[in-house]
Amino acid sequence: MRSIFVITSLAIATLATVPAFAGPAGEAPAKVSHGDQSKFPMPAAEFKQKVEARQAKARARMEERASKLSAEEANALRAKFEAGTATINAEVEKIIADGTVTAEEAKEFREVVRSVFPHAGKHNR
């Protein structure tokens, strides 16, 4: 009998506190932003800067992996990375030639990057 009273009182207390945690009526929930939500069209210099920053991070990760490999395997990994980076840089130069980067060009660029490094990123493993 006592447990029924305890459960009932907890349920009533919970129902009384739930509205206190609810947001103001009529307001939409705050919009959550995930990652870098870039605005397009983007100036070419800003796009190139973002690409170079990503390449620097990728190079650091590649060097970290290469340090754990034998010298021969590390050189092969570095050569593959440099070949991919050269392809990406050539694509960047084509995209930024007109001075702005549109969302359509960015999507095409993303596909080029994925074709060069198909297994990049932790979600593709």
Everything considered on the Cα gyration tensor (a ≥ b ≥ c; rounded for a/c under 1.5, else prolate if a/b is larger than b/c, else oblate), the stretch 54-125 must be described as prolate
State, to one decimal in nm, how far the label point of K39 lies from the label point of R59, with both points 7 Å from Cα in the Cβ direction.
3.0 nm
Determine, from the Cβ-Cβ distance of E82 and R114 and an R0 of 22 Å, the FRET efficiency 1/(1 + (r/R0)^6), rounded to the nearest 0.05.
0.75
On full extension of the chain, what length is gained from S70 through K50, given 0.36 nm per residue of separation minus the C-alpha to C-alpha distance?
4.0 nm
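Quickly rank 51-59, 87-95, 67-75 as a protection proxy: mean count of other C-beta atoms within 10 Å, highest first. Could the numbers behind the result be given before it?
Numbers: 51-59: 13.7, 87-95: 15.4, 67-75: 10.4.
The most tightly packed comes first, giving 87-95, 51-59, 67-75.
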Can you list residues whose amide H is under 5 Å from T100's amide H, if they're 5+ apart or on another chain and H is modeled 1.01 Å from N?
A44
How much accessible area per residue does the stretch 55-118 have, in Å², with a 1.4 Å probe?
66 Å²
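The values are calculated or read from the model by the stated rules, or taken from the named source; none is laboratory data. Note that the structure is predicted; figures quoted are calculated from it, not measured. No Cβ is skipped: glycine too gets one built from the backbone with ideal geometry, and neighbour counts run over all protein chains shown. Note: accessible area is taken over every heavy atom of the protein model, side chains too, but ligands, DNA and RNA are not part of it. Shrake-Rupley method; radii C 1.70, N 1.55, O 1.52, S 1.80 Å.
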